[in-house]
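K.L.:
First the structure, which I've put down as structure tokens, then a few questions once you've had a look.
The values are calculated or read from the model by the stated rules, or taken from the named source; none is laboratory data. None of these values were measured; they are calculated from a predicted model. Counting neighbours? That spans all protein chains shown, and the Cβs are built from the backbone with ideal geometry, glycine included. Ligands, DNA and RNA are excluded from the accessible area calculation, which covers all protein heavy atoms including side chains. Shrake-Rupley method; radii C 1.70, N 1.55, O 1.52, S 1.80 Å.
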Amino acid sequence: MRKSIFYFLKAYLGFTKRESRGFLLVVPLLFILAWIPSVLDWYWERDAKIKYEEYLMMVKRKSDNVFIKNSYHDREDGKEKVANKKSVIADTGRWEKPKREGELINKIDFSEADSSLLQIVPGIGNTLASRIVKYREQLGGMHEKSQLLEVYGLKEEVAKGIFEYFDFNPLIKKKINLNHVTVRDLSAHPYVKYGEAKVIIAYREQHGHYQSLDDVLDIKIFTKDWLDRLRPYLTLSE
């Protein structure tokens with residue numbers, strides 16, 4: 001079998017015997033390297049899920065200690081003895097509605113969540129969490145929840161689940177000064193391709209500083225929809 005492989009490599013690919021040996025050593029290694037990321041993603045996601053479930057169990061136990069009261073009341077008239085082992089609201093005595101899992105933790109703003117915290121959301125592992133944070137930083141912040149759907153690999157149902165654990169307030173942390181930005185920095189924004197950045201800067205150099213953001217529409221290749229998508233991230237301030 002080995003001789004047949006060597007013969008094939010020599011006859012059809014022109015490999016020497018030494019090159020054939022090297023090829024047979026390298027190919028399995030390449031398969032292993034290609035397989036490793038998938039294994040790591042599976043391991044990290046499983047580990048995050050286990051930690052998440054343990055966290056919920058801990059929160060549930062604490063919640064039970066706070067809200068479940070075991071009390072026995074003997075009525076003065078001797079007619080009835082009640083063993084009450086259910087959750088009660090101290091000030092009204094009515095049954096308390098069980099809280100959902102998302103209500104048992106402190107909700108922070110999505111803009112403050114790092115890749116570690118995002119893994120509390122079911123369906124989000126280390127790789128996807130890092131991808132979400134990186135995209136948010138590349139944008140300069142998010143002003144709409146729907147922008148999460150632009151993150152590669154993030155499904156709609158998982159994206160919606162994020163806001164069961166985090167609050168969302170529109171926040172743009174970084175804006176682009178259209179009158180001073182370079183082609184390189186402008187094209188680094190996810191909404192601007194390199195060719196588009198070159199045209200915008202060339203127009204500025206030819207006609208002078210932009211007086212309003214709508215001046216960009218004087219460049220006929222750009223539509224209002226294109227500009228409106230980018231508008232929250234642009235400024236003309238000195």
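K.L.:
With a ≥ b ≥ c taken as the square roots of the eigenvalues of the C-alpha gyration tensor of the stretch 117-187, please select rounded if a/c is under 1.5 and otherwise prolate if a/b is larger than b/c or oblate if it is not?
P.N.:
prolate
K.L.:
Could you work out how much longer the chain between I36 and S146 gets when fully extended? Use 0.36 nm per residue separation minus the Cα distance between them, nm to one decimal.
P.N.:
36.4 nm
K.L.:
Same structure again: How much FRET efficiency would the formula 1/(1 + (r/R0)^6) give for Q138 and L117, where r is the Cβ-Cβ distance and R0 is 25 Å, rounded to 0.05?
P.N.:
So the FRET efficiency works out to roughly 0.85.
K.L.:
Here's another thing I want to ask about it. Students often check this: by mean Cβ neighbours within 10 Å, which of 190-196, 114-120 ranks highest, and how do the rest follow?
P.N.:
For the peptides 190-196, 114-120, the packing ranking is 114-120, 190-196.
K.L.:
Now a separate question. Just the Cα atoms of the stretch 112-153: what Rg and Dmax do they give in Å?
P.N.:
Radius of gyration, then largest Cα-Cα span, for the stretch 112-153: 9.7, 25 Å.
K.L.:
Highest first, please rank the peptides 203-213, 137-147 by the mean number of other Cβ atoms sitting within 10 Å of their residues.
P.N.:
Per-residue Cβ counts within 10 Å, averaged per peptide and sorted highest first, yield 137-147, 203-213.
K.L.:
How much of the accessible area of the stretch 108-174, in percent, comes from carbon and sulfur atoms when a 1.4 Å probe is used?
P.N.:
Accessible surface attributable to carbon and sulfur in the stretch 108-174 totals 50 percent.
K.L.:
Under 19 Å from the 7 Å Cα→Cβ point of K175, by amide nitrogen: which residues of the stretch 135-164?
P.N.:
Hits in the stretch 135-164 for K175 at 19 Å: 137-144.
K.L.:
Let me test this: with uniform point scatterers at the alpha carbons of the stretch 126-238, what is the Debye-based log₁₀ I(q)/I(0) at q = 0.21, 0.23 1/Å?
P.N.:
The calculated log intensity ratios at q = 0.21, 0.23 Å⁻¹ are -1.15, -1.32.
K.L.:
Estimate the FRET efficiency between F222 and R184 by the formula 1/(1 + (r/R0)^6), using the beta-carbon distance for r and 22 Å for R0, to the nearest 0.05.
P.N.:
Approximately 0.65, to the nearest 0.05.
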